1. Suppose R0 equals 22 Å. What FRET efficiency, 1/(1 + (r/R0)^6) with r the Cβ-Cβ distance, do residue 92 and residue 198 give to the nearest 0.05?
2. Could you state how much accessible area residue 106 has, in square angstrom rounded to the nearest 10, with a 1.4 Å probe and all protein chains kept in place?
3. Which FRET efficiency, nearest 0.05, do residue 173 and residue 51 yield, Cβ-Cβ r, R0 45 Å?
4. Sketch the reach of a paramagnetic label on residue 131 as a point 7 Å from Cα along Cα-to-Cβ, and name the residues of segment 206-222 whose backbone nitrogen lies under 17 Å away.
5. Hey, can you grab everything whose amide H is under 5 Å from the amide H of residue 201? Only 5+ residues off in sequence or another chain; H modelled, so Pro and N-termini drop out.
6. For segment 145-227, what does the accessible surface come to per residue with a 1.4 Å probe? Please give it in Å².
7. For the residue pair residue 99 and residue 75, what label-to-label distance in nm results when each label sits 7 Å from Cα along the Cα-to-beta-carbon direction?
8. Counting other Cβ atoms within 10 Å, which chymotrypsin sites (Phe, Trp or Tyr not before Pro) in segment 121-193 have at most 10 and lie in a DSSP loop?
Amino acid sequence: SSAASDVYKRQDGIDQPVVTGNIGDEISYDYETPGVYAVKVVAKGGAIETTEYTEEFEVTEILAPVVSTVTPPAKNDEDVISIFSDAYTDVAGTDFNPNWSQSTIYNAFDLNGDAILQYSNLNYQGIDLGSEIDASSMEILHLDIWTPDATSIDIYPLPNGVQPADERFVTKALTANSWTTINIPMSDFTDQGLPVDKLKQFKFVGSGTVFIDNIYFYKAPSPTGTP
(Lines give C-alpha, C1' and ligand atoms only; values in the text may rest on other atoms or scores of the structure.)
Protein backbone atom coordinates (compact mmCIF):
# COMPACT_ATOMS: atom_id res chain seq x y z
CA SER A 1 0.00 0.00 0.00
CA SER A 2 1.05 3.62 -0.46
CA ALA A 3 0.97 6.65 1.82
CA ALA A 4 0.52 10.27 0.77
CA SER A 5 -0.38 13.67 2.18
CA ASP A 6 -2.57 16.46 0.79
CA VAL A 7 -1.94 20.10 1.69
CA TYR A 8 -4.89 22.51 1.67
CA LYS A 9 -5.02 26.29 1.90
CA ARG A 10 -8.07 28.12 3.26
CA GLN A 11 -9.36 30.86 0.98
CA ASP A 12 -12.76 32.58 1.28
CA GLY A 13 -13.64 30.14 4.04
CA ILE A 14 -13.15 27.06 1.85
CA ASP A 15 -10.35 24.48 2.04
CA GLN A 16 -8.73 24.10 -1.37
CA PRO A 17 -6.16 21.36 -2.15
CA VAL A 18 -2.98 22.86 -3.55
CA VAL A 19 -0.32 20.13 -3.52
CA THR A 20 0.01 16.38 -2.90
CA GLY A 21 3.14 14.40 -2.09
CA ASN A 22 4.36 11.11 -0.73
CA ILE A 23 4.92 10.96 3.01
CA GLY A 24 8.59 11.59 3.69
CA ASP A 25 9.05 13.74 0.57
CA GLU A 26 9.44 17.53 0.67
CA ILE A 27 6.63 19.49 -1.00
CA SER A 28 6.27 23.25 -1.45
CA TYR A 29 3.81 25.92 -2.52
CA ASP A 30 4.56 29.49 -3.65
CA TYR A 31 2.32 32.23 -2.22
CA GLU A 32 1.74 35.30 -4.38
CA THR A 33 1.36 37.85 -1.57
CA PRO A 34 2.47 38.13 2.08
CA GLY A 35 -0.10 37.50 4.81
CA VAL A 36 -1.35 35.04 7.43
CA TYR A 37 -2.48 31.73 5.96
CA ALA A 38 -4.23 28.68 7.44
CA VAL A 39 -2.79 25.43 6.13
CA LYS A 40 -4.22 21.94 6.65
CA VAL A 41 -2.23 18.76 6.01
CA VAL A 42 -4.15 15.50 5.56
CA ALA A 43 -1.97 12.38 5.85
CA LYS A 44 -3.44 9.25 4.26
CA GLY A 45 -2.12 5.76 4.80
CA GLY A 46 -2.91 2.54 3.01
CA ALA A 47 -6.12 2.11 5.04
CA ILE A 48 -9.18 4.36 5.16
CA GLU A 49 -8.04 6.30 8.24
CA THR A 50 -6.47 9.74 7.80
CA THR A 51 -4.65 12.15 10.10
CA GLU A 52 -5.19 15.90 9.90
CA TYR A 53 -3.02 18.78 11.12
CA THR A 54 -3.91 22.48 10.79
CA GLU A 55 -1.78 25.51 11.56
CA GLU A 56 -1.70 29.22 10.76
CA PHE A 57 1.56 30.79 9.66
CA GLU A 58 2.71 34.13 8.28
CA VAL A 59 4.27 34.65 4.85
CA THR A 60 6.43 37.69 5.51
CA GLU A 61 7.87 38.32 2.06
CA ILE A 62 7.81 37.11 -1.52
CA LEU A 63 11.33 36.94 -2.93
CA ALA A 64 10.61 36.13 -6.58
CA PRO A 65 7.69 36.40 -9.02
CA VAL A 66 5.35 33.42 -9.10
CA VAL A 67 3.41 34.54 -12.18
CA SER A 68 4.71 35.93 -15.47
CA THR A 69 3.99 39.41 -16.68
CA VAL A 70 1.57 40.07 -19.54
CA THR A 71 2.66 38.50 -22.84
CA PRO A 72 3.75 41.20 -25.34
CA PRO A 73 1.41 41.73 -28.29
CA ALA A 74 2.23 40.44 -31.76
CA LYS A 75 4.22 42.94 -33.85
CA ASN A 76 5.69 43.09 -37.34
CA ASP A 77 9.46 42.58 -37.44
CA GLU A 78 10.06 46.11 -38.70
CA ASP A 79 8.13 47.59 -35.77
CA VAL A 80 10.19 46.10 -32.93
CA ILE A 81 13.82 45.69 -31.88
CA SER A 82 13.95 43.09 -29.11
CA ILE A 83 16.79 42.81 -26.60
CA PHE A 84 15.28 40.18 -24.29
CA SER A 85 11.86 38.63 -24.80
CA ASP A 86 10.31 35.27 -25.55
CA ALA A 87 7.78 37.00 -27.83
CA TYR A 88 10.16 38.43 -30.47
CA THR A 89 13.49 37.67 -32.14
CA ASP A 90 16.24 39.06 -29.91
CA VAL A 91 19.48 40.69 -31.01
CA ALA A 92 21.80 37.69 -31.38
CA GLY A 93 24.93 37.26 -29.28
CA THR A 94 23.92 39.61 -26.44
CA ASP A 95 25.77 39.29 -23.12
CA PHE A 96 23.43 39.90 -20.16
CA ASN A 97 26.22 39.81 -17.58
CA PRO A 98 29.36 41.51 -18.91
CA ASN A 99 32.17 41.98 -16.40
CA TRP A 100 31.93 45.65 -15.45
CA SER A 101 33.30 45.07 -11.91
CA GLN A 102 29.80 45.38 -10.49
CA SER A 103 28.66 43.84 -7.21
CA THR A 104 25.41 42.73 -8.88
CA ILE A 105 24.74 38.98 -8.97
CA TYR A 106 23.23 37.68 -12.21
CA ASN A 107 20.92 34.68 -12.53
CA ALA A 108 19.06 33.33 -15.56
CA PHE A 109 15.72 32.91 -13.79
CA ASP A 110 13.19 30.44 -15.20
CA LEU A 111 9.51 30.77 -14.27
CA ASN A 112 7.72 27.73 -15.66
CA GLY A 113 9.55 28.09 -18.97
CA ASP A 114 9.46 31.90 -19.03
CA ALA A 115 13.04 33.23 -19.18
CA ILE A 116 13.64 36.25 -16.94
CA LEU A 117 16.78 38.21 -16.01
CA GLN A 118 17.43 38.27 -12.25
CA TYR A 119 19.86 40.87 -10.86
CA SER A 120 20.43 40.69 -7.08
CA ASN A 121 22.52 42.90 -4.79
CA LEU A 122 22.17 45.53 -7.51
CA ASN A 123 24.47 48.51 -7.69
CA TYR A 124 24.77 48.69 -11.46
CA GLN A 125 24.44 46.14 -14.22
CA GLY A 126 25.25 46.15 -17.91
CA ILE A 127 23.93 44.42 -21.00
CA ASP A 128 26.28 44.24 -23.99
CA LEU A 129 24.31 43.87 -27.23
CA GLY A 130 25.52 41.36 -29.77
CA SER A 131 25.53 44.06 -32.45
CA GLU A 132 24.94 47.79 -32.77
CA ILE A 133 21.28 48.75 -33.27
CA ASP A 134 19.58 51.81 -34.78
CA ALA A 135 16.57 52.69 -32.60
CA SER A 136 16.04 56.15 -34.12
CA SER A 137 12.81 55.05 -35.83
CA MET A 138 11.42 53.49 -32.64
CA GLU A 139 8.99 55.38 -30.40
CA ILE A 140 9.00 53.50 -27.08
CA LEU A 141 11.43 51.55 -24.89
CA HIS A 142 9.50 48.83 -23.04
CA LEU A 143 10.50 46.82 -19.94
CA ASP A 144 8.68 44.73 -17.34
CA ILE A 145 10.27 44.67 -13.88
CA TRP A 146 9.35 42.74 -10.71
CA THR A 147 11.04 43.43 -7.38
CA PRO A 148 10.64 42.43 -3.73
CA ASP A 149 12.46 45.48 -2.36
CA ALA A 150 13.61 48.08 -4.91
CA THR A 151 11.71 51.38 -5.12
CA SER A 152 13.17 52.74 -8.38
CA ILE A 153 15.66 52.02 -11.15
CA ASP A 154 17.75 54.17 -13.51
CA ILE A 155 17.64 52.98 -17.13
CA TYR A 156 20.46 53.86 -19.54
CA PRO A 157 20.53 52.99 -23.26
CA LEU A 158 24.19 53.47 -24.20
CA PRO A 159 25.47 54.47 -27.64
CA ASN A 160 28.54 52.67 -28.98
CA GLY A 161 31.67 54.22 -27.46
CA VAL A 162 29.79 56.70 -25.27
CA GLN A 163 31.84 58.46 -22.58
CA PRO A 164 30.53 58.46 -18.98
CA ALA A 165 29.94 62.22 -19.04
CA ASP A 166 27.64 61.79 -22.05
CA GLU A 167 25.48 59.01 -20.61
CA ARG A 168 21.78 59.78 -20.09
CA PHE A 169 19.12 57.90 -18.12
CA VAL A 170 15.47 57.87 -17.09
CA THR A 171 14.40 56.93 -13.55
CA LYS A 172 11.26 54.85 -13.07
CA ALA A 173 9.47 54.00 -9.82
CA LEU A 174 8.87 50.32 -9.02
CA THR A 175 6.08 48.65 -7.04
CA ALA A 176 7.17 45.83 -4.74
CA ASN A 177 5.75 42.33 -5.19
CA SER A 178 4.10 43.01 -8.53
CA TRP A 179 5.13 43.54 -12.13
CA THR A 180 5.77 47.17 -13.12
CA THR A 181 5.22 47.75 -16.84
CA ILE A 182 7.48 50.53 -18.11
CA ASN A 183 7.03 52.35 -21.44
CA ILE A 184 9.52 55.18 -21.95
CA PRO A 185 9.10 57.52 -24.95
CA MET A 186 12.35 57.69 -26.90
CA SER A 187 12.06 61.47 -26.69
CA ASP A 188 12.82 61.17 -22.95
CA PHE A 189 16.35 60.21 -24.04
CA THR A 190 16.77 62.19 -27.26
CA ASP A 191 15.54 65.41 -25.60
CA GLN A 192 18.55 65.03 -23.28
CA GLY A 193 20.80 64.97 -26.33
CA LEU A 194 21.34 61.21 -26.41
CA PRO A 195 21.77 59.76 -29.93
CA VAL A 196 19.95 56.42 -30.32
CA ASP A 197 21.05 55.40 -33.82
CA LYS A 198 24.10 53.41 -32.67
CA LEU A 199 23.10 51.77 -29.39
CA LYS A 200 25.38 49.00 -28.15
CA GLN A 201 24.74 48.58 -24.42
CA PHE A 202 22.27 49.03 -21.55
CA LYS A 203 23.00 49.94 -17.96
CA PHE A 204 20.73 49.68 -14.92
CA VAL A 205 21.51 51.44 -11.63
CA GLY A 206 19.64 50.84 -8.39
CA SER A 207 19.56 48.62 -5.31
CA GLY A 208 17.98 45.42 -4.06
CA THR A 209 16.82 42.70 -6.45
CA VAL A 210 15.08 43.12 -9.79
CA PHE A 211 13.65 40.60 -12.24
CA ILE A 212 13.54 42.05 -15.77
CA ASP A 213 11.58 40.72 -18.74
CA ASN A 214 10.57 41.95 -22.19
CA ILE A 215 13.21 44.56 -23.01
CA TYR A 216 12.41 45.89 -26.47
CA PHE A 217 11.94 49.02 -28.56
CA TYR A 218 8.80 49.40 -30.63
CA LYS A 219 6.81 51.79 -32.77
CA ALA A 220 3.22 51.96 -33.97
CA PRO A 221 2.76 49.98 -37.20
CA SER A 222 2.79 52.05 -40.37
CA PRO A 223 -0.60 52.18 -42.14
CA THR A 224 -0.86 49.98 -45.21
CA GLY A 225 -3.40 49.56 -48.00
CA THR A 226 -5.92 52.04 -49.34
CA PRO A 227 -8.19 53.91 -46.87
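The values are calculated or read from the model by the stated rules, or taken from the named source; none is laboratory data. Being a predicted model, the structure only gives us computed values, none of them experimental. All Cβ positions, even for glycine, are placed from backbone atoms using ideal geometry, and neighbour counts span all protein chains on display. These accessible areas exclude ligands, DNA and RNA; they are computed on the full protein's heavy atoms, side chains included. Shrake-Rupley method; radii C 1.70, N 1.55, O 1.52, S 1.80 Å.
1. Efficiency for this residue pair is about 0.80.
2. So the heavy atoms of residue 106 present about 80 Å² to solvent.
3. Details: r = 49 Å, r/R0 = 1.09.
After rounding, the FRET efficiency stands at 0.40.
4. Inside the label zone: 217.
5. 129, 158
6. Working: 3850 Å² over 83 residues.
With the other protein chains kept in place, segment 145-227 gives 46 Å² per residue.
7. Each label point is offset 7 Å from its Cα along the Cβ direction, giving 3.4 nm.
8. Values: sites: 124, 146, 169, 179, 189; in loops: 169.
Answer by residue number: there is no such site.
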